[in-house]
Amino acid sequence: MGAMRATVLDADQLSPRELNQQLRELLAAEAEVVVENPRSRHNLGVALPGPGHVTFKGSVGYYCGGLNSGGSVEITRNAGWGIGESMARGFIRVRGSVGQSVGASLMGGTIVVEGDAGPRAGVAQKGGVVLVGGDIGFLSGFMAQRGKLIVLGNAADGVGDSLYEGNIYVAGRILGLGIDAVVVQPEAAEIDEIEAIIAEAGFPSRLREWKKVVAGRKLWYFDKREAQTWLKV
C-alpha cells in the first residue's frame, strides 16, 4: 500500500474559521494536510485534535497551533506571537524563527523552534517542552510554573524572572538573570534527558556547557525583609 496522499487546502480561498473547521475534521480523521498560502495570517490551526498532521507551507501569524489538543503541526518558515499558546498535547515544529511568547501557558506537548525566539518564550509555562535552536529574547521563562525551556543558543536579559517550578536549560550565554532567578549545575541525569529531547528533535549531537536556571524561592513567600525585591516585580 502506498503512502497516504495529503489533502491540500488553500488559505487564500478560506477564512481562518473555515480553514480551522476543515483542519479539525481532517486531523481527527488522521489525515495528512498541507495548507498553501498562509501568508502570515493569524489564528491558523487553532484547537487542533490529533492524531493527524498539518504542514503550513510558508510563514504564519499570531497564535498558530494555540489550544492544540493532540495535532502535529509543521511551519516551513517563520511564525508570529503566541505559537502553541495553552497547548495541552501534540507537537509543533517551526523551521524558522518565532515572535514573542512562544509556548505561553503551555500545559503539555512539545514545541520545537529551529531558529530564534523573541521575548517571553515559555511565559507562564505549566508543562511540556519548548526547545529553541537559536537564541531567546528578554524575560523568557517569566513566571513559568512547570515544564522545560531548552535553549541551544543564548538567553537575553531577565531570563527566569519570578520563576516557580519551571526549569530553563541554556547551552549558550546568559546575558542577565531575572528577579529571584539563580543558575545551578544540572545533574547528569537531567543532561541525558535534555540531550535525548534534542536528538529526537533532529538537532546534531555536540558538547554543550549546560546551565540550569531555577527559582531562588525568595518570592515564594512574602518576607518584609525582602520588600525591596518584591517592589521590583
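Values computed for the structure shown
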read-out	value
Counting DSSP beta bridges with both ends in the chain, the antiparallel % (nearest 5)	15
Neighbour net charge for GLU187 - beta-carbon separation under 10 angstrom, K R +1, D E -1	-2
C-alpha long axis of helix 16-28 to longest principal axis of the chain, angle in °	90
For segment 174-226, alpha-carbon Rg relative to the globular expectation (2.2 N^0.38 Å, N residues)	1.54
Among beta bridges that DSSP assigns inside segment 16-94, antiparallel share in %, nearest 5	5
Compactness index (Cα Rg / 2.2 N^0.38 Å), segment 6-51	1.04
Alpha-carbon radius of gyration plus Dmax, which is the widest Cα pair, for the chain in Å	18.4, 70
Net charge of Cβ neighbours under 13 Å - reference HIS42; Lys, Arg +1; Asp, Glu -1	+2
Scaled radius of gyration (Cα, divided by 2.2 N^0.38 Å) that segment 100-233 gives	1.00
Cut-off 13 Å between beta-carbons: net charge of the residues surrounding LEU26, Lys and Arg +1, Asp and Glu -1	-2
Amide hydrogen neighbours beyond the local backbone of PHE56, cut-off 5 Å, H modeled	VAL35, GLU74, ILE75, THR76
Crossing angle, helix 188-200 versus the chain [Cα axis fit, 0-90 degrees, rounded to tens]	20
Helix-only [θ]222 nm of the chain, DSSP H runs n ≥ 4, -39500 (n - 2.57) each, per residue, nearest 500	-4000 deg cm²/dmol
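Taken together, the values in this text are just the output of simple stated rules run on the coordinates, not laboratory data. Everything quoted here is computed from the prediction, not taken from an experiment. Note that each Cβ is placed from the backbone with ideal geometry, even for glycine, and that neighbours are counted across all protein chains shown.
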